[in-house]
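Asker: Pasting in a structure now, in structure tokens, and then I'll have a few things to ask.
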Amino acid sequence: MRAYIAGRLATAVLVILGVSIVSFFLTFLTGDPAEIMLPPGATAAQIAKFRAEWGFDDPLVIQYWRFLKRAVHGDFGISLRHGQSSLPLIAARLPATFELTVTAMLLAIGLAVPLGVLAATHRGGPIDVLAMGVALVGQSVPNFWLAIMMILLFAVSWGLLPTSGRGGVAHVVMPAAAIAINLMALLTRLVRSTMIEMLAEDYVRTARAKGLRELFVTSRHALPNALIPLVTVIGLQFGYILGGAVVIETIFTWPGVGLFTIQAILNRDYPVVQAAVFILATAVVVINLTVDLLYVWLDPRIRVT
Amino acid sequence: MIHLARRSPLAGAGALIVGLVIVAALAAPLLATTDPIDQDLTAALQPPFWRPDGSLHHPLGTDHLGRDVYSRLIYGAQISLLIGVLAAFLGALVGVAAGLMAGYLGGRVDTVIMRLADLNLAFPLILLALAVVALLGANLRNLVIVMAITTWMIYARVVRGLSLGLREREFVQAARALGAHDARIIARHVLPNVLAPVIVIWTLEVARIILMESALSFLGLGVPPPTPTWGRMLAEGRDYLTVAGWIAIFPGLAILLTVLGINFLGDGLRDLLDPRLRRQT
């Protein structure tokens, strides 16, 4: 158990180091950062001065080491556009993205679990067919298109919800639903298939043989075990959720990290892009680590092995 | 295909949709009614044919520049399919090779490859793709490479798992006892046994990549204009939602139907080729 946790922690640290290397090299993919960061008419002397000032003449390894040292202290450099340190700029927008992604996850889980359970308990019936239909379409629908269609319907035509911005519950409903749809579809299928398996287990048969009511058997015996794989999948999907947030935030001008990063990418604001990629990827690693450890705690069989 | 349809109606439907999209892409010059990039400002924002002021000349209406939505949809299929198929294939080549090496050779090779896969999985892929495309420039080649980067590890993980098991099987042991080379064993005995799930993953990944490509294109980082892409059509239609909803509705439906068709086909193939995978989502 201790060895497992230690190994898992070591892996996470290695992956975060890898993340830092990728974030660092993002700047070098285009060639000379000086040419990108300086205005187009810069003279050779200006470029040389800029390179020397920013340390772009040093060997890559040294530059990377410097980047890493700064990153550990939370210093990713000054935003070229905002003239401020990039980390606080991103940190200020994290709560908005957190609100959006957590709402989306809760929405996806809240819909997928009952839908999946109903589909499993009514296997082959109309509810099952309907749930699987919803899941198949939900997995294939482009979330940004759904977002636009929702805006057209709920905001423009019926005037029920605001089209953009962050505020109360009304503001978060549409963007969260747009992000949730693909995850909801995936989870519905997962819950259905694990529930079908669980309902065929011996302990469920025993519970039924004891004369327990079907609702009790389903909810107290089968469901808790069917939810265990859900935890892993949700953890693994967190990266996709964040990716979804990036696209959806731009549609609803939701003031989160996604919108900010897209703007930084389009403005070629490298310090912000580096910081954003590093922070978001690190968040995914930490969430996955947490989920893995949670899994050990949830499933005693893993604890032993 | 008839065989497939009989075994699984859903897969049959999927094959039909995918077939239609492929035909549309290949025969675009024949099927399109007008040049997809021809502008005609006098015919801007014309509604689809079933609306009172629509006409069959522009069956699905025109956009803000008077371009024919139907013809642009037909041509848009080319880009979506091309990037989806090529990137999924490139990803499969790299991923299968990596998975075979990791699973069959094990040890340090395994550790390195799997840590790379973990690293790749940790990135919000669309963000990585956006950053790389924005830096390197949005063109067909870069998009294919970037999409391949977001998909290889999925093959690698599955193939690794399968080859770990295959390595211990008698026929592989026997080949080794006979003195066969590792490369020969991998190519002749391990590879054929992992191909079925690889085909299934490939199908589903084509669908995922088409979705992702359209998202990038929607954000303005797809294949650059004037080439029509579904994602950009959607983005352009966004500004005319209230007056000309069809500009945004049809490309979205095209993406939805294509991806749905491919997913149906993938699910059907999974049931057909590899019953063991059926339980997984």
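Asker: At R0 = 56 Å, how high is the FRET efficiency between A:TYR203 and B:ALA183 if r is their beta carbon distance? Nearest 0.05 is fine.
Answerer: Working: r = 48 Å, r/R0 = 0.86.
The value I calculate is 0.70.
Asker: Hey, another quick one. So what are the three principal axis dimensions of the stretch B:176-281 from its Cα atoms, in whole Å, longest to shortest?
Answerer: For the stretch B:176-281, the Cα spread along each principal axis is 73, 29, 17 Å.
Asker: What ³J(HN,Hα) values, in whole Hz, does the Karplus curve 6.51 cos²θ - 1.76 cosθ + 1.60 give for the stretch B:149-165 when θ = phi - 60°, with x put for Gly and Pro?
Answerer: Result, ordered by residue: 5, 7, 10, 4, 5, 5, 5, 4, 5, 5, 5, 4, x, 5, 6, 4, x Hz.
Asker: Which shape class applies to the stretch B:1-97: rounded if a/c is under 1.5, otherwise prolate when a/b exceeds b/c and oblate if not, where a ≥ b ≥ c are the square roots of the Cα gyration tensor eigenvalues? Before the final figure, lay out each step's value.
Answerer: Numbers: a/c = 3.44, a/b = 1.74, b/c = 1.97.
In terms of gyration-tensor shape, oblate.
Asker: What's the magnitude of the charge dipole for the stretch A:35-179 around its Cα centre, counting Lys and Arg as +1 and Asp and Glu as -1 at the beta-carbon? Answer in Debye, nearest 20.
Answerer: Values: 9 positive and 7 negative charges, 31 e Å.
Dipole size: approximately 160 debye.
Asker: Using each residue's phi in the stretch B:11-25, evaluate 6.51 cos²θ - 1.76 cosθ + 1.60 at θ = phi - 60° and report the 3J(HN,Hα) Karplus result to the nearest Hz, with x for Gly and Pro.
Answerer: Per-residue couplings from phi come out as 5, x, 4, x, 4, 5, 4, 4, x, 4, 5, 5, 4, 4, 5 Hz.
Asker: With chain B treated as a Gaussian network of Cα nodes joined by springs under 10 Å, which of B:ILE37, B:ILE262, B:ILE247 yields the largest mean-square fluctuation?
Answerer: Residue with maximal mean-square fluctuation among B:ILE37, B:ILE262, B:ILE247: B:ILE37.
Asker: Other chains' Cβ within 10 Å of B:251-264 residues: what's the mean?
Answerer: Going residue by residue through B:251-264 and averaging, the value is 3.
Asker: For chain A, set up a GNM with springs between Cα atoms under 10 Å and report which of A:VAL246, A:VAL272, A:VAL286 has the largest fluctuation.
Answerer: So, out of A:VAL246, A:VAL272, A:VAL286, the one fluctuating most is A:VAL286.
Asker: While we're on this one: Can you run phi through the Karplus equation (6.51, -1.76, 1.60; θ = phi - 60°) for the stretch A:97-104 and list ³J(HN,Hα) in whole Hz, with x for Gly and Pro?
Answerer: 5, 4, 4, 5, 5, 5, 4, 4
Asker: Another question, if that's okay. Treat each spin label as a single point 7 Å out from the Cα along the C-beta direction, and report the B:TYR240 to B:LEU273 distance in nm.
Answerer: 4.1 nm
Asker: In addition: Taking amide H positions as placed in the peptide plane 1.01 Å from N, state which residues far from B:THR62 in sequence (5 or more) or on other chains have amide H under 5 Å from it.
Answerer: Distant-sequence amide H within range of B:THR62: B:LEU45, B:GLN46, B:VAL69.
Asker: Heavy-atom accessible area per residue, the stretch B:10-157, 1.4 Å probe: how many Å²?
Answerer: That works out to 41 Å² for each residue.
Asker: Quick one: buried accessible area between B and A, total over both chains, 1.4 angstrom probe, nearest 100 Å²?
Answerer: Details: alone 14280 and 16440 Å², together 26800 Å².
So the buried area, both faces added, is about 3900 Å².
Asker: How much of the accessible area of chain A, probe 1.4 Å, is carbon plus sulfur, in whole percent?
Answerer: 68 percent
Asker: Which one of B:ARG184, B:ARG67, B:ARG232 has the biggest mean-square fluctuation once chain B is modelled by GNM with Cα springs under 10 Å?
Answerer: Result: B:ARG184 has the largest fluctuation of those listed.
Asker: Moving on to the next point. Based on the Cβ-Cβ distance of A:ALA44 and A:VAL13, what FRET efficiency does E = 1/(1 + (r/R0)^6) give at R0 = 51 Å, to the nearest 0.05? The partial results should precede the final answer.
Answerer: Values: r = 42 Å, r/R0 = 0.83.
Here the calculated transfer efficiency is 0.75.
Asker: Okay, moving on. Summarise the partner chain shielding of B:234-241 as one whole number: the mean count of Cβ atoms from other chains within 10 Å of each residue's Cβ.
Answerer: Working: counts 4, 3, 0, 2, 7, 0, 0, 8.
Other-chain Cβ atoms within 10 Å of each residue's Cβ, averaged: 3.
Asker: In peptide A:144-153, how many Cβ atoms from other protein chains are near each Cβ within 10 Å, on average? Could the numbers behind the result be given before it?
Answerer: On the way: counts 11, 17, 2, 1, 10, 6, 0, 3, 6, 0.
Shielding by partners across A:144-153 averages 6.
Asker: Let me ask something else. Under the rule a/c < 1.5 gives rounded, and otherwise a/b versus b/c splits prolate from oblate, where does chain A land using the Cα gyration tensor?
Answerer: oblate
Asker: Let me ask you something else. Pull up all non-local amide H partners of A:SER85: gap of 5 or more, or a different chain, and H-to-H distance under 5 Å with H placed in the peptide plane.
Answerer: A:SER79
Asker: Please list the non-local residues whose amide H lies under 5 Å from the amide H of B:GLY222, H modeled 1.01 Å from N, same-chain partners needing a gap of 5 or more.
Answerer: B:SER217
Asker: So how tilted is helix A:44-54 from the main axis of chain A? Cα-based, degrees 0 to 90, rounded to 10.
Answerer: Taking Cα atoms only, the helix is inclined about 50 degrees.
The values are calculated or read from the model by the stated rules, or taken from the named source; none is laboratory data. These numbers were taken from a predicted model, which means no experiment stands behind them. Cβ sites come from the backbone with ideal geometry, for glycine too, and all protein chains shown count toward neighbours. To get the accessible areas, we keep the full protein, side chains included, count just its heavy atoms, and leave off ligands, DNA and RNA. Shrake-Rupley method; radii C 1.70, N 1.55, O 1.52, S 1.80 Å.
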